[in-house]
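Heads up: the structure comes next, in structure tokens.
Please treat every number below as a calculation from the coordinates, not as lab data. Since the structure is predicted, the reported quantities are computational estimates derived from the model, not experimental observations. Cβ atoms come from the backbone with ideal geometry, glycine included; neighbour counts cover every protein chain shown.
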Amino acid sequence: MRKFGLIGFPLEHSFSKGYFSEKFKVSGIFDCSYDNYPLDDINKLNNLIEENPDLFGLNVTIPYKQSVIPLLDEIDKEASEIGAVNAIKIYRRNKVLLKGYNTDVYGFEKPLLKVLKKDHKTALILGTGGASKAVAYILKKHSIDYKFVSRKPKNREILSYGDVSKDIIARIDIIVNTSPLGMYPDPDEKPDIPYDSLNENHILYDLIYNPEKTLFLAEGERRHATIINGLPMLHLQAEKAWEIWNSRENL
């Protein structure tokens, strides 16, 4: 039996276990299992791997996509450029080796390209965690100028929510929520931006998939903006992780 799973904290919101369990059932894969491994400290990762010798791959979610990197033996080039990891392949030979990847870029890009138009040239990224780095990487790839927004800006290049005026929203084409605001079990929360300036030309993309329609997306829908939730991204990045875990690549 090969084991796979998800690390992060907390994990009550996650659909990953259900997704992979259904995938294994439908595909007739009977020698694999997927479980949640909530870690309240990322430094417990090595103990987790030692205690589970059949564990061969992990997904990584909030809040460890950046802090996990020093614990890895190697990091994929793209993940290194992004500065965040959300998938780990575990090699078990004479010793255990860990290699990090970023599948968020693949998962985020495909749904966006379905609605992206040539005149979409500017974006706001709400949040500065690990997922925001993958979003920025894809926006840059498609020549879309972006600014980060944070409750606690670390430098002058990052906007605070108080800086986001109605005029700024009116000039922005895409708004991506990478923060946990609005995620189960707190669905009554939403990013504090002036939603009244939204219109049918905006794209609102929420990386949250539980609930299916966050208040952030509902505000956009009410004003006829194009909305995308995080479920397609979850499925795409999960399939990319499965591909990585089963590849014959050697360290």
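Between the amide H of Ile174 and those of Thr122, Ala123, Leu124, Ile203, distances stay under 5 Å, these residues lying 5 or more places away or on another chain, with hydrogens modeled in the peptide plane.
Amide H to amide H distances under 5 Å link Asp35 with Phe4, Gly5, Leu6, where only residues 5 or more positions off or on other chains count and H is placed in the peptide plane.
Checking the Cα-Cα distances for Lys77/Lys166; Lys23/Lys89; Lys3/Lys213; Lys152/Lys213 against a 29 Å cut-off, the pairs over it are Lys77/Lys166; Lys3/Lys213. Using the Cβ-Cβ distance between Glu74 and His224 with R0 = 45 Å, the FRET efficiency computed as 1/(1 + (r/R0)^6) comes to roughly 0.45.
Label positions at Lys25 and Asn246, each projected 7 Å from the Cα along the C-beta direction, are separated by 1.9 nm.
Give, to the nearest whole percent, the P(r) tail of region 95-174 beyond 20 angstrom, counting all Cα pairs.
Everything past 20 Å amounts to 40 percent.
Pairwise Cα distances in region 2-103 exceed 15 Å in 61 percent of cases.
For a test of the definition: using alpha carbon positions, the gyration tensor, and the 1.5 limit on a/c, classify region 105-232 as rounded, prolate or oblate.
rounded
Entry note, the chain: relative contact order of 15 percent, from Cα contacts under 8 Å with a spacing of 6+ residues.
Looking at the chain, the pairs of alpha carbons with a distance over 24 Å make up 47% of the total.
Restricting attention to region 1-110, which trypsin sites (Lys or Arg not before Pro) occupy a DSSP loop and are surrounded by at most 16 other Cβ atoms within 10 Å? Filter output for region 1-110: Arg93, Lys95.
Rounded to the nearest angstrom and listed largest first, the equivalent-ellipsoid semi-axes of region 53-120 from its Cα gyration tensor are 29, 12, 10. For a straight C-alpha distance cut-off of 13 angstrom, the aspartates and glutamates reachable from Lys147 (same-chain residues fewer than eight places away being disregarded) are Glu157, Asp163, Asp173. Comparing mean-square fluctuations of Ala218, Ala238, Ala79 from a GNM of the chain with C-alpha springs under 10 Å, the top value falls on Ala218.
With a cut-off of 12 Å between beta carbons, the residues surrounding Arg223 carry a summed charge of -3, where Lys and Arg count +1 and Asp and Glu -1.
Antiparallel beta bridges, as assigned by DSSP with both residues in the chain, represent about 20 percent of the total such bridges.
For Met1 and Asp192, what does the FRET efficiency come to when R0 = 41 Å and r is the distance between their Cβ atoms, rounded to the nearest 0.05? So, using R0 = 41 Å, E works out to roughly 0.30.
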